[in-house]
Structure formats: C-alpha cells, structure tokens
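Student: Just passing along the structure, written as structure tokens.
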Amino acid sequence: MHNHFLLNIGDGDHFITSSPKSVWGINSNYTYSKGFLNSVKNGDLLWFVKSKTNGQIVAVATFTGTQQRIIGPVINLTLTDAELGWDKIGCGKSKNPGGWDIEVHYKDLYNLTDCNLISEIKGSAIIRKYNDKCKLNLDTEYKNIVRYSKVTNNM
C-alpha cells in the first residue's frame, strides 16, 4: 500500500519547467520537509497542488527517490536552478539561491490540469500527508486516473 502526499507548488511555473526532468525541489530546513523525507517511500504518490486555487490538484506522480542538490562554485553535480527553469526566488537559507536543497524525483506523471480535481486543502503546509481534510478520495481518484489517462511526464 502506498501513501499519498500533497505538495504545494505555488503558482506552478517552476513545476511546469522542471517536470520534463521529473524533479521537484524542496527546502530541507523546514519541519514539513523533514517529516516528508522521513516517511516517504519508493512508490508513494505525490499529488501536486497549485496555490490559491482551493486546492486544485494539477498532477500526480510516483515517488522514486531524493537527492541532495550539489551546486558548487566551480562544478555543479546536480542541475542548477537555471537549468530547471526555477527563476523565481525561493524561501529559506541554503547553498543555492532558490533555497531548494533537495531534489524529489518521480516517474509516471499524469497531467490533471483539465480534470478540475479540487481538494479544498487550505493552510500553509507546503507538504502534507493525505488525511480526511482532503475532500477527494485519492485512492479512488488514482485508480480512475490510471485507468482513463495516459502518463505525460511533463506539464
């Protein structure tokens, strides 16, 4: 059995630009990130939620792993913010300008932008584990998505 996590992606612009590389970024300095990193497992489902939309879910993907971002003064061992299209300033303090120090990797991305899936999730948590506050049954929704949609791997 897999867990479901809802990840807030702000206005979605950075998510759109990095989705072809199947990567999302988080800042590990926050409590919600630490909780996520300690509990997420390979095969869990990541539901990407746009801000200020009453919790509109715009995509779902299967979690495959994380990687520490290594952005050096001379050599970058991971993709830079510029290479990922992350051109807006993030929050927090880390060694890269955007503040996203952990890459979240996924596969089998389904673009749900046109499905109007509204979770009604409110609050400031950037990452949350699925619970009864979500107005959608994500197990049922995922079964239908897989049955009636195709993997897009980009937005």
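Student: Go through the range 114-148 and give me each residue that's of a type in the set (S, T, N, Q), free of Cβ contacts under 8 Å to residues at least 40 places away in the same chain and part of a loop (DSSP other than H, G, I, E, B).
Tutor: 124, 131, 137
Student: Another question, then. Among 52, 143, 135, 107, which is closer than 19 Å to residue 18 by Cα and of a type in the set (Lys, Arg)?
Tutor: 107
Student: How many residues are modelled with pLDDT of 65 or more and either in contact with a strand residue (DSSP E or B) (Cβ under 6 Å, 6 or more places away or on another chain) or part of a strand (DSSP E or B) (or both) if we restrict to the range 91-113?
Tutor: So the answer is 13.
Student: Hey, another quick one. Determine the pairs where a residue that is surrounded by fewer than 12 Cβ atoms within 10 Å (Cβ to Cβ) and modelled with pLDDT of 90 or more, located within the range 67-90, has a partner that is not hydrophobic (A, V, I, L, M, F, W, C) and not in a helix (DSSP H, G or I) with Cβ atoms under 7 Å apart, the partner being 6 or more residues away or on another chain.
Tutor: Every condition considered, the pairs that remain are 68/101.
Student: Within the set of pairs 6 or more residues apart or between chains, which connect a residue that is more than 13 Å from residue 7 (Cβ to Cβ) inside the range 22-39 to a residue that is assigned to a helix (DSSP H, G or I) with Cβ atoms less than 9 Å apart?
Tutor: Every condition considered, the pairs that remain are 28/34; 28/37.
Student: Within the range 45-63, count every residue that is under 12 Å from the mean Cα position of the chain (by Cα) and either in a loop (DSSP other than H, G, I, E, B) or not small (Gly, Ala, Ser) (or both).
Tutor: Of the residues in the range 45-63, 11 are under 12 Å from the mean Cα position of the chain (by Cα) and either in a loop (DSSP other than H, G, I, E, B) or not small (Gly, Ala, Ser) (or both).
Student: Step by step: first the residues of the range 110-139, then only those that are within 16 Å of the chain's Cα centre (by Cα) and small (Gly, Ala, Ser), then the one that is surrounded by the fewest Cβ atoms within 10 Å (Cβ to Cβ). Which residue is that?
Tutor: 124
Student: In the range 8-18, is there at least one residue being in contact with a Leu (Cβ under 6 Å, 6 or more places away or on another chain) and not charged (D, E, K, R)?
Tutor: yes
The values are calculated or read from the model by the stated rules, or taken from the named source; none is laboratory data. Computed from a predicted structure; not experimentally measured. Cβ: placed from backbone, ideal geometry, glycine included. Neighbour counts: every protein chain shown.
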